[in-house]
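These notes concern the structure reproduced below.
The values are calculated or read from the model by the stated rules, or taken from the named source; none is laboratory data. Since this is a predicted model, take the numbers as computed values, not measurements. So basically every Cβ, Gly included, is an ideal-geometry build from the backbone, and we count neighbours across all protein chains shown. When the accessible area is computed, the model is the full protein with side chains, heavy atoms only, and any ligands, DNA or RNA have been set aside. Shrake-Rupley method; radii C 1.70, N 1.55, O 1.52, S 1.80 Å.
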Amino acid sequence: ILLINNLVKRFILKKVKAIYNDLLPTNHPQNKNYIEPDMEVLNMLQKYADDKKLEIESLKDQENYRKEFLGNISHELKTPLFTIQGYVLTLLQGAIKDKNVREKYLKRTAKGVERLIYVVKDLDLITQFEMGTKTIDRTNFDIVTIIENVFDLLEMQAAKNGIKISFNKKYHKPVIVFADQERIQQVLTNLIINSLKYGVDNGKTEVGIENFSNEKIIIRVIDNGEGIAEENIPRLFERFYRVDKSGNRKQGGSGLGLSIVKHIIEAHQEKILVKSKPGVGSEFSFTLTGNLN
């Protein structure tokens, strides 16, 4: 493309010079100053064309993203909707008279409704962050206690998946951070749940806390799970983006967990980092205002 652009510019310049030569009086000495103003115009036109080309490419990328997003959200919504519809129709067609079938199908219908609620609530939360209507309520709190709370919350799920969750070492003193306690607990919960989804049998997920700078700490969530290919990492935080294109999931959820993590951390004006290698594991880490004494 650059070669073609250069050739086009040389061709146009040659034509412009020829026109000027034709217009100049025969007894008038040729002066390059006649050409320079038009070269400025030519360069401006070239820049305009390049900018428009980039704009078109950006619009194409946005259109592809829009189509993919609509396809993903359609999949997320239609799966539980079809499940609910199937069970309700079966009950209406007579299965409701059987007590055992009725109870089983109503429980499954309830799970489908719960999944829909997850999707809608998470989408609403992301929208509020993007519109700036969701605020961050910062307070001082002990991040070690919050991590322990998340461990307790996910203990049964971790055991079911055959994965051990723990600190990378003992933290004998509180580590005070200045952030939104509820939202940071949500971040940790989402990150650890994500590691459990893509963990391996007899695997482990460890959380570590380190000083990042004088006024910042970094919290690392490290696992030895499946890992993520390098080309997928830049898109991990997109809504409904899946590394597994088959659409299968080991666990439930809205498909928005990592996107919510990104929005919460960015609302704190902090950084989130990802390192991963297929077959080795992944590390998701984020910074917070605080200090590890």
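Given the conditions (1) within 28 Å of N190 (Cα to Cα); (2) open to solvent by less than 90 Å² (accessible area, probe 1.4 Å), which single one is not true for L91?
So the condition that L91 fails would be (1).
Can you name the number of the only condition in (1) surrounded by 18 or more Cβ atoms within 10 Å (Cβ to Cβ); (2) touching a helix residue (DSSP H, G or I) at 6+ places or on another chain (Cβ under 6 Å); (3) not small (G, A, S) that I218 fails?
All conditions are met except number (2).
Please specify each residue of segment 140-173 satisfying the condition of being of a type in the set (S, T, N, Q) and either farther than 19 Å from N194 by Cβ or not in a helix (DSSP H, G or I) (or both). Show your work before the answer.
Applying the first criterion (of a type in the set (S, T, N, Q)) to segment 140-173 yields 140, 145, 149, 157, 161, 166, 168.
Correct list: N140, T145, N161, S166, N168.
If I ask for residues that are surrounded by fewer than 22 Cβ atoms within 10 Å (Cβ to Cβ) and under 17 Å from N140 (Cα atoms), which ones from segment 184-194 would you list?
Within segment 184-194, Q185, Q186 qualify.
Residues that are part of a loop (DSSP other than H, G, I, E, B), free of Cβ contacts under 8 Å to residues at least 40 places away in the same chain and more than 18 Å from I260 (Cα to Cα): does segment 215-234 have at least one?
Looking through segment 215-234, none of the residues is part of a loop (DSSP other than H, G, I, E, B), free of Cβ contacts under 8 Å to residues at least 40 places away in the same chain and more than 18 Å from I260 (Cα to Cα).
Name the residue that is most open to solvent (accessible area, probe 1.4 Å), counting only residues in segment 100-122 that are within 20 Å of the chain's Cα centre (by Cα) and farther than 18 Å from N194 by Cα.
K121
With respect to the numbered conditions (1) hydroxyl-bearing (S, T, Y); (2) under 23 Å from the mean Cα position of the chain (by Cα); (3) outside any helix (DSSP H, G or I), which one is the sole condition not fulfilled by T189?
(3)
Which is in contact with a Ser or Thr (Cβ under 8 Å, 6 or more places away or on another chain), surrounded by fewer than 16 Cβ atoms within 10 Å (Cβ to Cβ) and within 22 Å of I136 (Cβ to Cβ), of F212, F178?
The match here is F178.
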